[in-house]
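A.B. asks: First, the structure itself, so that you have it in front of you.
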Amino acid sequence: MLRRVERPDFHIDEKDAAVRIADAEFPVPFAHRLEFNAPVHGTWNIVHIGLMVPDCHQIYVCADNCMRGVVLTAAEMGAGDRFSSVLIEENDLYDQNLETITIEGVSDVIRRLPYRPRAVTVFLVCLHHFVGTDAAFVFKTLEERFPDIDFMRCWMDPVMQKTGLTPEQKLKESMFRPVRPLPVDPGLVCVLGDNQALDPDSDIAQTVREAGGRILQLNDWKKHGERIGISYLRKAVTDKEAQEAYSFMIPCENYDDYLRIGSAGLFITRSPLGVHGVYQLAKRLGRPFLYLPPVCGEDRIRQELSKLRSALRDNLQQTAGAAGTAGAVRTAGTAGTDAGEPDAAETDHLEGSIRDESSASKALQHALGLIGDTEITIDYILNPRVLSLARRLLEAGFRVTRVYLDAILPEEEEDFLWLQKNCPDLILNATIHPKMRVLHNAENEGKMLALGPKAAWFGGTAHFVNLVDYGGIWGNSGIEKLAALMEDAWLNEKDTRSIVPRKGQGCACVL
Amino acid sequence: MRQVFRKIPVYTGDVSGVCSALFELGGMVVMHDPSGCNSTYNTHDEIRWYDHDSLIFISGLNEMEAIMGSDEDLIRDITESARIYSPGFIAIANSPIPYITGMDFDAISRLVEEETGIPTFYITTNGMHDYTRGAGLAFRQLAENFVTEPALTDKTALTDRSLRCNILGMTPLDFAAATSVESLRSKVEAAGFEIVSCWAMGDDLEGIRKSAMADVNLVVSSSGLAAARYMFRKFGIPFTAGFPAEGTEEVYFEAVTRAVQTGENQFPFRDRREPVNDTLPVCFIGEPVIMTSLAAQAEERIGAPTYVFGATEEADVFLGPKDAALCGEEELEEALGKLGRTKVVADPYYKDVLPAGCELISLPHLAFSGRILLNEIPDLFRLIIHRLVKLHKRLGHALALPSLAAVLRPLKNSGQVPGTQHLLRSCTRPFGCLCSLTRLRAIGYLLTFTSSDGILTSASFNKAAERKCESGRI
C-alpha cells in the first residue's frame, strides 16, 4: 500500500499564486520562483510536433534524464520506429566538444535503420550550447555523408527559452527548412505551425473554400488513415460525406506531399508559437503570410477574417509565374500585432459574407440557458488567447471566475485592459507556482465547469471541455462548437483522471 | 556504437530516481534544471503524482542564471517555498548544465539550511546516469543525514527478540504494482523478522531515522546498495541482496539469517546452481537484483540454465559468473546472439533487439517502458515466473508490440470492429492478451482468441486467464 503524503495541516493561502485581474501586472502577473508541474500533459511537445513531418526520422543527442521524456513520448505515440537516440556521457564532455559523438552517433543510427528516411530531425540540447559545439560543422558533415537526406537542425534547449525562442518555436522553423520554392499555386493555402489540425468547418477553412482555394496542413484529418484531432467534431458525418464536403483539404501523407508546401500561395498560422517559423518560411519563399490567432470576440473575428479575405483576393489575382521570386514577404499580419480596423470599403465588401456571428451568439445563449450561473474556469491550454475567450464568455453572461495562466501574451493586452476595467474581480491563477501543489481540489470535489484540462484538474471537476490549442476550431463556428462542447461537458462527466495525464491531446496514443 | 539506441528506450534517469526515492518522506526535492526533468519525471516515471501532493519542484534555470551562477536566486526560491511548507528536509538535485558550470551545491545547501533551519543536502546527480544511481545517492544521503546510532536501550540481545531488518531500494520504478509493499512486508514478517523501516514506500522519515536499530538490510533493488554499504561501514549492519520470490523464501531468509550471524553481506542468488537438464536456457534482462531473484526461482522450478543480463548501473555487484552487465543495444544483441535459441524474460520493449530464435516472455518494467504497460506490471513478490515461462512455451507465440489493446484501438476508432479472424491475426502476444483483457473490455471488445497451435481454444481459457489477470497473478 502506498502511503499518502498528506497535505500540510496548516492553511496555505493563494497569495502570490492568484491575483485579481484589477491588481495584476501585465504581462507577467506572477514572480518567477520554483515551478510545480501539474499532472496534466495534453499539450504537445517537440516529439509530437516534429513527427508531423511525414517520412521523417527523429534523432536526439542528449543525456539520459533528458532522453527519457522524449523517447517515451514517441513510444506512447506508437512511433518508436521513427525515433532513435544517442546518449551523452560525462567522458564526451571531457574529451571533446560533442561534435564527434553527435556526428558518429547520428551516422550510426542512420546506417542501422531498416529504411532510408527522406529527412532526419537531429535534436541538439542545452549541453551542446554550453560546451561550444560547432553545430554548423556537425550538420555540414552529416549532409556530406548523407546527401540524399534532408537534415533539420533542431534544438531541445529549454535553458534558452526564457531569454529567446523556445524549442517549439525553433522546431517550427527548422521543420520547414527542407521546403524549397516551387512554382506558385495561388489557390494553395498552407496552414502550418499549429499543433491541432484546422477544423474543416472553421471560418478560416470555409473562407478559403469559398474563395476557391485549397488547404494543405501537416496534421490533417487523413493522417495515417485516421481522423486525428478533429474527429470529435464530426461524429455525425460519415467518411464518404466527409470526403466530399472537405475535399478542399489536401492530404499530406508522405514527404512529397510535404514538399508541396513550397508551392503555396499563402501561409497561415494560428499559433503564437508558430508565428516565428512560418513567417521565416514565407519570407524565404517570398510568399504572403497571415497570423490568425484564435480570437473570440465578434469584432476581432471579423477583423481577422477581413485580413484573410483580403489576402486571398490579392493572391488569386496573381499569376502563377511568380514562383520563388525574390522580394520581401507580403505580410498581412505579423506576430504580436493587430491588423487594425478594416477600411470602410473593405467592410462593405465583406458585410454580406460574414457568417454565423448571430449563430455563435445564439449558441452561447443556448449554453447559458443550460449552464446558468455555474462557476466557470478557463486555462491557457484550451486557447492561447484565453483572455479573449474569457471576455467573450463574460460579455455573453457566463460566470467566469478564474483564468489559469502563468504569463499573458503581449497580443492579449487589449482584452486584459478590458477585463481589468469591466471584470476587476476575475482571478488570474498561476499553474506552476509552488503553492499550486496543494491549491487544487481533490477529485470530484469541484462543482464547476472547466474549460481546459488544467482548469479541470485544479478545480477537481469531471465536467470539463477537453480541448488543447483550441482543438483546431476557429472563429464564429468555433464559438458555436465550443458552446456545444460546454453543454456536453455540463451534462456529461468525463474521467478526468484517465484523460488529463495523457500526452499530446489529439495525437495517436497507445495508453 | 554503445551509446546509440536505435530500437529501445533508455532507463529512467538519475534525477527521476532521486525524486522517486524521496517522494513519500515529507521532504522537498528541488531539481536545478530548466524544465524537462520535472515533466519527464511526473509524466513517465512517477505513478503517484496525480494522487499525492509530494513537494517536488524544478528551479526553471535559464541561460543567464546558468552562466552567472545566480546562487542567491536559487537560495531565495528554495527558502521561500520551504517557508510555505516546512518540509522535513530539502534535497537539491543537480542536472547537466549546473554540472558542467560547476555550481557549488554544497555551499548552497549549507546556506539554505542556515536560512531555514531545515536539514538540506545535495545529491550529486548530473542527468547522465540511470535511476538506480540517483535513487541510490538519495538513499545514501538519507542514511548519512538521518540515521543515527541507536540508544543502548534499543540494542537488546538478539536472543531476546526477533531479527530486525530494513528494506532498502523500494520505489515504484522497480515495484510498481500496488500490492508490492504489502506482499513483501507480509513475507518478511511471516519469516519472523521485524521490519524497522522501508526505504522508501509506505514509510516516513521517522521510520528511516530508526534504521540503525536493524540487524540486517534487505537490498531488494540496486537502488538500495549505496545506503546498505554506508550502513555496513558506519553501523556494521550487513545486507542481503535479492528478494524472496515465490518459492525461494527458504533460501532467501536463510541467507538473511546468515548475514546476521556472520556479519557478512550475502548474495544468495548470484551464484545460482548449474542446470540439471537440457531445457532451453532462460535469459533475464533488466535490473540485476530483481532479475537474479527471479532467475533463481525459475532455475529452481524449471531446472533450466538461466542467465541474467544486468542492464542498469553497477549491475556487476549482483551478478554471478554466468551473468553479464551489458551497456547498450549493440552489446545486448551480440550477447543474445551468442546464447542462441533462448527464452528471454524482459520488458516487451526489448523485443526489437532479440535475434531470431529468442522468445520474449513479457515482464513490463516501469523504469523502462514507463506507464505504457503499467496495468500489466505484476507484483514481483507474488509472481511465479516459471509458470509464465511454461505457459509461454505451450502457447508457442512470438511476442509483438504494440499490445493487443493498442492494435485494436485504432480499428475501433475508425469504426471497424474486428472479428475473430482479425483478432487471431493480431494475437501475436499472448501474455499481452491475457493482461489486456480488462483493458479490452474497457474499450468495448468481446474477446475471443485462440493460439495458433490450438492447444487453448475454449472460453474456459479466457475465463482462467481473466481470473488470473484480475487477481494480479500475472
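A.B. asks: Can you tell me which condition A:ASN97 does not meet? The list is (1) crowded, with 20+ Cβ neighbours inside 10 Å; (2) touching a Ser or Thr at 6+ places or on another chain (Cβ under 7 Å); (3) closer than 30 Å to B:GLU65 by Cβ, and all the others hold.
C.D. replies: Tallying (1) crowded, with 20+ Cβ neighbours inside 10 Å; (2) touching a Ser or Thr at 6+ places or on another chain (Cβ under 7 Å); (3) closer than 30 Å to B:GLU65 by Cβ, A:ASN97 fails exactly one: (1).
A.B. asks: Is it the case that some residue within the stretch B:289-302 is open to solvent by 40 Å² or more (accessible area, probe 1.4 Å) and outside the structural domain of B:ARG185 (by TED's automatic domain parsing)?
C.D. replies: Within the stretch B:289-302, one or more residues are open to solvent by 40 Å² or more (accessible area, probe 1.4 Å) and outside the structural domain of B:ARG185 (by TED's automatic domain parsing).
A.B. asks: Give the residues of the stretch A:55-69 that are open to solvent by less than 10 Å² (accessible area, probe 1.4 Å) and touching a residue at least 60 places away in the same chain (Cβ under 8 Å), sorted by residue number.
C.D. replies: If the condition is that a residue be open to solvent by less than 10 Å² (accessible area, probe 1.4 Å) and touching a residue at least 60 places away in the same chain (Cβ under 8 Å), then A:CYS56, A:HIS57, A:GLN58, A:ILE59, A:TYR60, A:VAL61, A:CYS62, A:ALA63 are the ones that fit.
A.B. asks: Is it the case that B:MET64 is open to solvent by 50 Å² or more (accessible area, probe 1.4 Å), within 11 Å of chain A (Cβ to nearest Cβ), without any contact (Cβ under 8 Å) to a residue 60 or more places away in the chain and not acidic (Asp, Glu)?
C.D. replies: Yes; evaluated as a whole, the condition is true for this residue.
A.B. asks: Against the condition at pLDDT 95 or above and touching a Gly at 6+ places or on another chain (Cβ under 9 Å), how does B:GLU313 come out, does it pass?
C.D. replies: Yes: the conditions hold for B:GLU313.
A.B. asks: Further, regarding this structure: With the condition being closer than 15 Å to B:LEU168 by Cβ, at pLDDT 95 or above and in the same structural domain as B:ALA178 (by TED's automatic domain parsing), I'd like the strands (runs of 3 or more DSSP E) fully within the stretch B:195-288 carrying at least 1 qualifying residues.
C.D. replies: In the stretch B:195-288, B:216-219, B:239-241 are the strands (runs of 3 or more DSSP E) which contain 1 or more residues that are closer than 15 Å to B:LEU168 by Cβ, at pLDDT 95 or above and in the same structural domain as B:ALA178 (by TED's automatic domain parsing).
A.B. asks: Can you tell me how many residues in the stretch A:46-69 are over 15 Å from A:THR102 (Cα atoms) and within 8 Å of another protein chain (Cβ to nearest Cβ)?
C.D. replies: 4
A.B. asks: Continuing with the same structure: For the stretch A:101-140, how many residues are of a type outside the set (Val, Ile, Thr) and either more than 13 Å from chain B (Cβ to nearest Cβ) or open to solvent by less than 10 Å² (accessible area, probe 1.4 Å) (or both)?
C.D. replies: 16
A.B. asks: In the stretch A:70-95, which residues are at the interface with chain B (Cβ under 7 Å from one of its Cβ atoms) and either closer than 19 Å to A:TYR115 by Cα or in contact (Cβ under 8 Å) with a residue 60 or more places away in the chain (or both)?
C.D. replies: A:ALA75, A:GLU76, A:GLY78, A:SER84, A:SER85, A:VAL86 - these are the residues of the stretch A:70-95 that are at the interface with chain B (Cβ under 7 Å from one of its Cβ atoms) and either closer than 19 Å to A:TYR115 by Cα or in contact (Cβ under 8 Å) with a residue 60 or more places away in the chain (or both).
A.B. asks: Counting only residues that are within 13 Å of chain A (Cβ to nearest Cβ), farther than 23 Å from A:PHE130 by Cβ and surrounded by fewer than 18 Cβ atoms within 10 Å (Cβ to Cβ), how many does the stretch B:97-118 have?
C.D. replies: 0
A.B. asks: Quick one: would you say A:LEU165 is in contact with a helix residue (DSSP H, G or I) (Cβ under 7 Å, 6 or more places away or on another chain), over 29 Å from B:GLU333 (Cβ atoms), within 14 Å of chain B (Cβ to nearest Cβ) and in contact (Cβ under 8 Å) with a residue 40 or more places away in the chain?
C.D. replies: yes
A.B. asks: Something else: Would you mention how many residues in the stretch A:96-115 are more than 14 Å from A:TYR60 (Cα to Cα) and free of Cβ contacts under 8 Å to residues at least 12 places away in the same chain?
C.D. replies: Adding up the residues that qualify gives 6.
A.B. asks: When the residues of the stretch B:67-77 are narrowed to those that are under 22 Å from B:PHE23 (Cα atoms) and more than 7 Å from every other protein chain (Cβ to nearest Cβ), which ends up surrounded by the fewest Cβ atoms within 10 Å (Cβ to Cβ)?
C.D. replies: It comes out as B:ILE75.
A.B. asks: Identify the residue in the stretch B:25-39 that is facing chain A (nearest Cβ under 7 Å) and modelled with pLDDT of 95 or more and, among all such residues, is most open to solvent (accessible area, probe 1.4 Å).
C.D. replies: B:GLY26
A.B. asks: Open to solvent by 10 Å² or more (accessible area, probe 1.4 Å) and within 14 Å of another protein chain (Cβ to nearest Cβ) - does that describe any residue in the stretch B:193-202?
C.D. replies: Yes - at least one qualifying residue is present in the stretch B:193-202.
A.B. asks: Check whether at least one residue in the stretch A:87-94 is over 30 Å from B:ILE56 (Cβ atoms) and either buried (at least 23 other Cβ atoms within 10 Å of the Cβ) or of a type in the set (Phe, Trp, Tyr) (or both), and report yes or no.
C.D. replies: Checking the stretch A:87-94: at least one residue is over 30 Å from B:ILE56 (Cβ atoms) and either buried (at least 23 other Cβ atoms within 10 Å of the Cβ) or of a type in the set (Phe, Trp, Tyr) (or both).
A.B. asks: Just to check your reading of the model, which residue among B:GLU334, B:GLU313 is touching a residue at least 60 places away in the same chain (Cβ under 8 Å), open to solvent by 30 Å² or more (accessible area, probe 1.4 Å) and closer than 30 Å to A:ALA63 by Cβ?
C.D. replies: B:GLU313
A.B. asks: Here is a follow-up. Are any residues in the stretch A:359-372 open to solvent by 70 Å² or more (accessible area, probe 1.4 Å) and either within 20 Å of A:ASP299 (Cβ to Cβ) or modelled with pLDDT under 95 (or both), and if so, which ones?
C.D. replies: A:LYS362, A:GLN365
A.B. asks: For residues in the stretch A:401-422 being assigned to a loop (DSSP other than H, G, I, E, B) and open to solvent by 30 Å² or more (accessible area, probe 1.4 Å), which is farthest from the other protein chains (Cβ to nearest Cβ)?
C.D. replies: Applying the filter and picking the extreme gives A:LEU409.
A.B. asks: Another one. Filter the stretch B:340-389 down to the residues that are touching a residue at least 40 places away in the same chain (Cβ under 8 Å), touching a Gly at 6+ places or on another chain (Cβ under 8 Å) and assigned to a loop (DSSP other than H, G, I, E, B) and list them by number.
C.D. replies: B:ARG341, B:ASP347, B:LEU363, B:HIS365, B:PRO378, B:ASP379, B:ARG382, B:ILE384
A.B. asks: Within the stretch A:478-506, which residues are more than 13 Å from chain B (Cβ to nearest Cβ), open to solvent by 10 Å² or more (accessible area, probe 1.4 Å) and under 25 Å from A:GLN206 (Cβ atoms)?
C.D. replies: Scanning the stretch A:478-506 gives A:GLU480, A:LYS481, A:ALA484, A:LEU485, A:GLU487, A:ASP488, A:GLN505.
A.B. asks: Next up: Among B:ALA190, B:ALA177, B:ALA135, which is the only one that is under 29 Å from B:THR257 (Cβ atoms) and open to solvent by less than 10 Å² (accessible area, probe 1.4 Å)?
C.D. replies: From the options B:ALA190, B:ALA177, B:ALA135, the qualifying one is B:ALA135.
A.B. asks: Given the options B:ASN94, B:ASN42, B:ASN126, name the one that is free of Cβ contacts under 8 Å to residues at least 24 places away in the same chain and open to solvent by less than 10 Å² (accessible area, probe 1.4 Å).
C.D. replies: Only one candidate passes the filter, namely B:ASN42.
A.B. asks: May I pose another question? Among B:PHE235, B:PHE239, B:PHE284, which is the only one that is under 29 Å from B:ARG341 (Cβ atoms) and in contact with a helix residue (DSSP H, G or I) (Cβ under 8 Å, 6 or more places away or on another chain)?
C.D. replies: Just one listed residue meets the conditions, B:PHE284.
A.B. asks: Same structure again: Cβ-Cβ distance below 9 Å, separation of 6 or more or different chains: which pairs start in the stretch A:493-505 with a residue that is over 17 Å from A:GLU445 (Cβ atoms) and end on one that is in a loop (DSSP other than H, G, I, E, B) and of a type in the set (Phe, Trp, Tyr)?
C.D. replies: A:PRO501/B:TRP49; A:PRO501/B:TYR50; A:LYS503/A:TRP44; A:GLY504/A:TRP44; A:GLN505/A:TRP44
A.B. asks: Looking at the structure I just gave you, is A:ALA450 in contact with a strand residue (DSSP E or B) (Cβ under 8 Å, 6 or more places away or on another chain), assigned to a helix (DSSP H, G or I), surrounded by 23 or more Cβ atoms within 10 Å (Cβ to Cβ) and not aromatic (Phe, Trp, Tyr)?
C.D. replies: no
The values are calculated or read from the model by the stated rules, or taken from the named source; none is laboratory data. Being a predicted model, the structure only gives us computed values, none of them experimental. Glycine gets a Cβ as well: all are built from the backbone with ideal geometry, and neighbour counts include every protein chain shown. In case anyone asks, the SASA skips ligands and DNA or RNA and just uses the protein heavy atoms, side chains included. Shrake-Rupley method; radii C 1.70, N 1.55, O 1.52, S 1.80 Å.
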